[in-house]
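Peer 1: I have a structure here, written as C-alpha cells, and I will follow up with some questions on it.
The values are calculated or read from the model by the stated rules, or taken from the named source; none is laboratory data. These figures come from a predicted structure and were not determined experimentally. All Cβ positions, even for glycine, are placed from backbone atoms using ideal geometry, and neighbour counts span all protein chains on display. Quick note on the areas: whole protein, heavy atoms, side chains included, nothing else; ligands and nucleic acids left out. Shrake-Rupley method; radii C 1.70, N 1.55, O 1.52, S 1.80 Å.
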Amino acid sequence: PIADLAVVRFYNAASQFETSTVLEVVPRGADPQSSIAAASLAVPGIGPELFLSPDDYDLYLREVNTQTLRAGPIPVTLSGGKRYGVLATNGADTATADVRFIDDPP
C-alpha cells in the first residue's frame, strides 16, 4: 500500500443483472453524478485498483450506461496506507445488489 493513499478494488459477483455494473466513488454528501473514481465490471469480475485520498466517501453501484441505481449510498471512510475491497453480490430481489465493504482484505 501507498502511505498517503487508500487502495480500493471492486469484486463483482452480482449475476442477476443483464449488463455490467459500475462502482462509483463520490465524496461524502456530494451529488451522486460527481463520481471521482469508477470501475466497470461484468460478472464475474475483479476490477483494477482505485487509488484515493483518505477521506469520507459514498459508494454507489449502477448499471453501465444508465442511471439505474442498484445499491447506495454506502458511506465509507478510507485511510491512507490501507487496502479495501467492495464485493457486490445478488440482492434480495432482482433490482438490487448487496454490497459488502471489506476493510483491509488479504
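Peer 1: Can you tell me which residue within the stretch 36-49, out of those that are assigned to a strand (DSSP E or B) and open to solvent by 40 Å² or more (accessible area, probe 1.4 Å), is farthest from Val64 (Cα to Cα)?
Peer 2: Just the residues of the stretch 36-49 that are assigned to a strand (DSSP E or B), to begin with: 37-41, 45-49.
Applying the additional criterion that residues be open to solvent by 40 Å² or more (accessible area, probe 1.4 Å) yields 38, 40, 46, 48-49.
Working: Ala38: 11, Ser40: 7, Ile46: 16, Pro48: 16, Glu49: 19 Å.
Across the stretch 36-49, the extreme among qualifying residues is Glu49.
Peer 1: Here's another thing I want to ask about it. Inspect the stretch 2-22 for any residue being in contact (Cβ under 8 Å) with a residue 12 or more places away in the chain, in contact with a strand residue (DSSP E or B) (Cβ under 6 Å, 6 or more places away or on another chain) and among the acidic types (Asp, Glu) and give the result as yes or no.
Peer 2: Looking for residues that are in contact (Cβ under 8 Å) with a residue 12 or more places away in the chain, in contact with a strand residue (DSSP E or B) (Cβ under 6 Å, 6 or more places away or on another chain) and among the acidic types (Asp, Glu), one finds none in the stretch 2-22, hence no.
Peer 1: Further, regarding this structure: Of the numbered conditions (1) out of contact with any Phe, Trp or Tyr (no Cβ under 6 Å at 6 or more places or on another chain); (2) under 13 Å from Thr96 (Cα atoms); (3) part of a strand (DSSP E or B), Leu59 fails exactly one; give the number of that condition.
Peer 2: Result: Leu59 passes all but (2).
Results for (1) surrounded by fewer than 17 Cβ atoms within 10 Å (Cβ to Cβ); (2) among the hydrophobic types (A, V, I, L, M, F, W, C); (3) in contact with a strand residue (DSSP E or B) (Cβ under 8 Å, 6 or more places away or on another chain); (4) without any contact (Cβ under 8 Å) to a residue 40 or more places away in the chain, shown as yes or no for each residue.
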{"residue": "Phe51", "(1), (2), (3), (4)": "yes, yes, yes, no"}
{"residue": "Tyr60", "(1), (2), (3), (4)": "no, no, yes, yes"}
{"residue": "Val76", "(1), (2), (3), (4)": "no, yes, yes, yes"}
{"residue": "Tyr84", "(1), (2), (3), (4)": "no, no, yes, no"}
{"residue": "Phe101", "(1), (2), (3), (4)": "yes, yes, yes, no"}
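Peer 1: Just give me the residues in the stretch 62-74 being open to solvent by less than 50 Å² (accessible area, probe 1.4 Å), touching a residue at least 40 places away in the same chain (Cβ under 8 Å) and in a strand (DSSP E or B), in sequence order.
Peer 2: If the condition is that a residue be open to solvent by less than 50 Å² (accessible area, probe 1.4 Å), touching a residue at least 40 places away in the same chain (Cβ under 8 Å) and in a strand (DSSP E or B), then Arg62, Glu63, Arg70, Gly72 are the ones that fit.
Peer 1: Could you please give the count of residues in the stretch 8-35 that are closer than 17 Å to Tyr57 by Cβ and surrounded by 19 or more Cβ atoms within 10 Å (Cβ to Cβ)? Quick ask: steps written out before the conclusion?
Peer 2: Narrowing the stretch 8-35 to residues closer than 17 Å to Tyr57 by Cβ: 8-10, 22-35.
Still in the list and also surrounded by 19 or more Cβ atoms within 10 Å (Cβ to Cβ): 8, 10, 22-26, 35.
Total meeting the criteria: 8.
Peer 1: For Thr89, which of the numbered conditions (1) polar (S, T, N, Q); (2) outside any strand (DSSP E or B); (3) touching a strand residue (DSSP E or B) at 6+ places or on another chain (Cβ under 9 Å) fails to hold?
Peer 2: (2)
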